[in-house]
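Values quoted throughout were computed directly from the atomic coordinates according to the rules given, and no laboratory measurement underlies them. Since this is a predicted model, take the numbers as computed values, not measurements. Here the Cβ positions follow ideal geometry from the backbone for every residue, glycine too, while neighbour counts run over all protein chains shown.
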Amino acid sequence: METAENFGETEHHLLRILASSTTASDAEESLHILLDSSRTSDSRLSETLLPVLLRLDSLLRSNGVDTVASLISGDADRQIVRAGLQVLGNVSLAGEDHREAVWGRLFPAEFGELARVRDRCVADPLCMIIYTCCNSRGRLVELCGDLGLPIVFDVIKTASKDGFREDWLPLLLSKICLEESCFPLLFDTLSSVDKFTSEQTFLVRLLAENLDQRFNEVTVSDAFALAVLSILCRASTDVNFASRGTSALPTGDPAIDVLGYSLITLRNICAREESPHRSIDLLISSGLIRLLLVLLRDLEPPTNVRTILKNSNVMMKACPYRGFRRDVVAVLGNCAFRRKRVQDEIRNENGILPLLQQCSVCDENPFSREWAIWAVRNVLEGNEDNEREVSKLEFQGAVDNPWITELGLKVEWDQNSGRVRLVNIAT
């Protein structure tokens, strides 16, 4: 620790303030009192010292981070810890040398101790420091390693229960999960033995919302895209489709929420038009279209069609949350946009008719009809084989559906098979 003899005029002035604040006259003794008092629960003292800590910035820029680092142990007063972290956050913005000093002093032990404090007032500025320091590739690799991921794990546990007020956590998780390859390991670390956890739901939801809000800013890694598909596969087998969900996301059921936010994430990934489309191609090659068509094929018809078939004994799966049908169709529609490979796969997997089934109003799935019309357009556009497939269909029983007449088509319902059929209006 620096002594009073080593300090310049600014530091002496600061220590005189500390002496006044803590009722001690000796400057060096005041600093020791400050260090000790920061570990007490005296709220009056904490309020007195809080503005002092916020003035430590200039001292740190010239003399390092040890003084404040010694103040912010996990058992110190929370106001002191938050103020100290804010100071270190400001210091880390001052340049690479300062970021290296902060990281070298606090990673991993002190960061780990602070991350275990279940208080968003500590977690928010902690995320600011970590995110700012991780502009360096070397430090980012360290954070994604064995010593760093437990820190992120604990921050997520805190935020999933106590929330967060600032954007540093979403920015940090976007960097290490969307752009880097940390997501699969981090997601598994948050897991339970045989079921999804609230922490996993929190992570998937936060990333889905962040990708949606920063659609044109974020780069998505192949590892992240494939991990989300794998999670969707698992969730689709874990969710109970027997009962119809009455709530939109989040529902409070971890498996259902993971299923839904995975679909939303894939919808946004497949809507990206940057070239090359490596992540999208990998998803398609890994069975995304086949999985979506299975989900759609097994799903009960939209509400308008169910009314017509109210006496049907066909047992089909229900939507586990409001919007599930829409989200499945949306991913298919985005995948099919100007991708002949997907158009052909949908035809070869007999997926055109299940997709057409969705072109009807469904009260439980807002905007599912609009997404279905978009998807049908994308499946048929510029694909003569798909248009020919449609023109060969034969039908029984009509279902009035004016919303796809703009496509030159008419939907009909086969009472025997319980499936939608299609005919050209001109025939």
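What is the extension gain from ASP385 to GLU96, computed as 0.36 nm multiplied by their sequence separation minus the C-alpha to C-alpha distance, in nm to one decimal?
Extending this stretch completely gives an extra 98.2 nm.
Measure off 7 Å from each Cα along the Cα-to-Cβ vector at ASP281 and GLU179, then give the distance between these two points in nanometres to one decimal.
2.4
Treating the beta-carbon of each Lys and Arg as +1 and of each Asp and Glu as -1, no other charges, what is the dipole magnitude of segment 74-212 about its Cα centre, to the nearest 20 debye?
Computed charge dipole of segment 74-212: roughly 200 debye.
Output the pairs from LYS195/LYS317; LYS157/LYS195; LYS175/LYS195 with a Cα-Cα distance over 23 Å in this structure; if there are none, say none.
Table pairs above 23 Å Cα-Cα are LYS175/LYS195.
Specify whether the C-alpha gyration tensor of segment 204-361 places it in the rounded, prolate or oblate class, a ≥ b ≥ c being the square roots of the eigenvalues: rounded for a/c under 1.5, otherwise prolate if a/b is larger than b/c and oblate if not.
It comes out oblate by the Cα gyration axes.
Rg(Cα) of segment 196-270 divided by 2.2 N^0.38 Å?
Compactness ratio reported: 1.08.
Separation of segment 230-276 and segment 119-190 by C-alpha centroid, Å?
The two parts, judged by their Cα centres, are 23 Å apart.
Please list, in chain and number order, the residues 5+ apart from THR251 or on another chain whose amide H is under 5 Å from its amide H, with Hs placed from the backbone.
Under 5 Å from the amide H of THR251 lie the amide H atoms of ASP257, each far enough along the sequence or on another chain.
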